[in-house]
Every structure is written in structure tokens, then in C-alpha cells.
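Just below is one structure, and these are the notes that go with it.
The values are calculated or read from the model by the stated rules, or taken from the named source; none is laboratory data. As the structure is a computational prediction, the values presented were derived from the model and not from experiment. No Cβ is skipped: glycine too gets one built from the backbone with ideal geometry, and neighbour counts run over all protein chains shown. Note: areas computed on protein heavy atoms with side chains; ligands, DNA, RNA excluded. Shrake-Rupley method; radii C 1.70, N 1.55, O 1.52, S 1.80 Å.
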Amino acid sequence: MKTSWRTASLVATAASVLVLTTACGQDNATTPSSAAQNVGATAAAGDYGSVGTGTGVGNGYGADGSQSSSSPTPASPAGQLSVATNPELGKVLSDESGLTLYRFDADTAKPPKSNCDGDCATTWPPVPADDATAGAGIDKALLGEVTRADGTKQLTVGGWPAYRYAKDLNAGDVGGQGVGGKWFALAPDGKKAKLSDLPGLSTRKDPELGEIVVDKNGMTVYRFLKDKAWPESVSNCTGACLEKWPAVAPVNANDTKGVQKKGLMGFTRPDGTKQMTVNCWPIYTFSGDSAPGDTNGQGVGGTWYAVAPDGKPVGAPK
């Protein structure tokens, strides 16, 4: 039987698509999330290549990693405090405007004392004690005040001085969570708001980058522009690179939320270990991120970028 050129072309095209699909999905079976962990040793914070637009947390003040020379502006009153529910942190304390309140690990609660002054207080404005009242779900007995070095009165919750984060612009923002490994959203009882159980991979809304992928610990997930996805997943991050950018181990596709299912699979690295991909692109975390919410790997060396839910690199040059 003779085969027309058109039929032959269609067959060839279908075969090509099948080869690509099979190659990318060479290890489609993934391990249970309970067994998933990052591949490679965790090195001291740093970068692979020169730091580009990435941010740092050297001073512990804020995600910008630099101190401001301007004087703190007067903070607005807290008004009636309320309890907001965050999908990742659970119940968090917010002011009358819905802005999240934070606490600083360098402070003390017994006795209450603030150790955030000057430049620190510019990034983390202290919440005035004036007019602060307890709303529903908040024990008013936990509210108090502490006199700061400049003589002003700062609100305390469970003894802990309360702050806002300058980069939180909208009600419900939690951009200050985990900054520098020292700043945490306040729970209604004055304790640190903690991450709820997260899926193996999920997404969160970053105040600067938008919707990005995070791992089961809430840590930002990144892509390396020198990697490949087609015709098969290839990681070009090895050796010292892999120490600073640990590969994310495979996660069951059913243990994900908000991440594109297409191309969501694992592949085998040259050393025999397995690594997860999003849309067939290998994914990593960054050893320079010390807490959930950190995005210090963003733009490092002009080759590392946070991952969007569809696998694209957020903010990468086109």
C-alpha cells in the first residue's frame, strides 16, 4: 500500500511529539511526598555567580538587606485589632486596616523591650499603643505597652513589641514573614504564626514577584536558565552549584496545589539522584534563603529566577 506524503508527514509529526513527551517524562513515577527532600548538601549562604538583582538579609532588618538612612515616619494608630486567617500561616494578628503585625526575635517579652531602632524602625515601624483595642478572638489581657528609647509607647502582645512591615502595602500581605530568620507574623496569643502543613509544591503570592512556587517548607523554588527541558530535562547545576542550589526531590503530582500539572514530574540526574521539574524544567531551592518568604536567589548571576506556577522564570530577561 502506498503512503501519501501528507500521511507520512502526519505520522512523523505524531512520532516526534511522542518522543518529546516520553523524553521529558522519563521518570514520570514520583516518590511520595513524605520521602521528598532536597538533593545535595546545604552550604553556607551565598550565590552561584555574581549577585544580580537578588536581595539579602544581612542586617536582619528587611528583605532589601540594606539599612535606610531616613528617619522613621510616625506610624498610624493600630485601632481595633483583628484576627485574619492566612492560608499558609493560619491565624495572624492585624491592625484596623488589615495590615499584618510582626514580632522580632531580638526583642524580649519578659520584660518587654524593643531592640529595633533607627534604620530598623524605618523598615519595621513600631505599632503605637495609643487607641489599640482587642477585637474578636483576642484576649485584651495580652495587650500592653513598652516605652521605647525615644519615649514613645509601643504596643505589645503577650509582652512582645508589635511592628508593621514597610513593604506590606495591602491588607493580608505577609511579606515580612521569616525575613532574616528573625521576623515573624504575630499570632493572636503573641506567639509566632507558624506555617500550616503545605503540599509538596504549592504557590504563594510574593509582594514583589507575584505568584511563585514554594516547596513543602514554604521555601521559594527557582529555575536555572542554563538548564534544559526539551527534548529531555537536563540540569547543568552540579558540584559546588548544587551545594548552593539544592535540587528539589520528586513530589507526587497529587501532593501539589496551584502548580501546572503538565510537565510536573521527576527525572534522573547524572549522579543517579532524582529531581523534580515544573513543566519539565528542573527546580531548586537556594541555600541563601533562610526562611519562608525569602527570595534572595532572585536574579542571582542573571541566571536564577523564581518559578511561576506554569514553570516560567519570573522576571527573567526575554
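At-a-glance table
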read-out: Any pair with Cβ under 8 angstrom, 6 or more apart, that starts in the stretch 129-144 at a residue that is over 20 Å from PRO111 (Cβ atoms) and ends at one that is open to solvent by 30 Å² or more (accessible area, probe 1.4 Å) and assigned to a loop (DSSP other than H, G, I, E, B); value: ASP130/PRO77; ASP131/PRO77
read-out: Any hit, the stretch 169-186, residues being among the charged types (D, E, K, R), open to solvent by 30 Å² or more (accessible area, probe 1.4 Å) and under 18 Å from the mean Cα position of the chain (by Cα); value: yes
read-out: Check on LYS91, exposed (fewer than 14 other Cβ atoms within 10 Å of the Cβ) and charged (D, E, K, R); value: no
read-out: Of all residues making up the stretch 145-169, the number that are free of Cβ contacts under 8 Å to residues at least 60 places away in the same chain and either farther than 16 Å from ALA106 by Cα or not basic (Lys, Arg) (or both); value: 15
read-out: Conditions (1) crowded, with 20+ Cβ neighbours inside 10 Å; (2) out of contact with any Phe, Trp or Tyr (no Cβ under 7 Å at 6 or more places or on another chain); number of the one not met by GLN275; value: (2)
read-out: Yes/no for THR53 being of a type in the set (Ser, Thr, Tyr), modelled with pLDDT of 50 or more and either open to solvent by 40 Å² or more (accessible area, probe 1.4 Å) or part of a strand (DSSP E or B) (or both); value: no
read-out: The one condition in (1) under 30 Å from LYS216 (Cα atoms); (2) open to solvent by 20 Å² or more (accessible area, probe 1.4 Å); (3) touching a Leu at 6+ places or on another chain (Cβ under 9 Å) that ALA166 fails to fulfil; value: (3)
read-out: Selection count, the stretch 225-246, where residues are of a type in the set (A, V, I, L, M, F, W, C) and either surrounded by fewer than 22 Cβ atoms within 10 Å (Cβ to Cβ) or free of Cβ contacts under 8 Å to residues at least 40 places away in the same chain (or both); value: 6
read-out: Selection from the stretch 133-157 of residues that are hydrophobic (A, V, I, L, M, F, W, C) and out of contact with any Gly (no Cβ under 7 Å at 6 or more places or on another chain); value: ALA134, ALA136, ILE138, ALA141, LEU143, VAL146, ALA149, LEU155
read-out: Test: residue in the stretch 218-225 that is on the phi < 0 side of the Ramachandran plot, in a loop (DSSP other than H, G, I, E, B) and not hydrophobic (A, V, I, L, M, F, W, C); value: no
read-out: Only one of ASP310, ASP215, ASP294 that is charged (D, E, K, R) and surrounded by fewer than 19 Cβ atoms within 10 Å (Cβ to Cβ); value: ASP310
read-out: Any hit, the stretch 138-153, residues being at pLDDT below 95, open to solvent by 40 Å² or more (accessible area, probe 1.4 Å) and either within 24 Å of the chain's Cα centre (by Cα) or closer than 20 Å to ALA306 by Cβ (or both); value: no
read-out: Criterion (surrounded by 19 or more Cβ atoms within 10 Å (Cβ to Cβ), of a type outside the set (D, E, K, R) and in contact (Cβ under 8 Å) with a residue 60 or more places away in the chain) met by exactly one of LEU209, LEU201; value: LEU201
read-out: Pair list, Cβ < 6 Å and 6+ apart or interchain, from the stretch 300-318 residues that are closer than 19 Å to VAL259 by Cα to residues that are of a type in the set (Asp, Glu) and open to solvent by 20 Å² or more (accessible area, probe 1.4 Å); value: PRO309/GLU211
read-out: Segments classed as strands (runs of 3 or more DSSP E), wholly inside the stretch 92-198, with at least 1 members that are under 21 Å from ASN296 (Cβ atoms); value: 102-104, 183-185
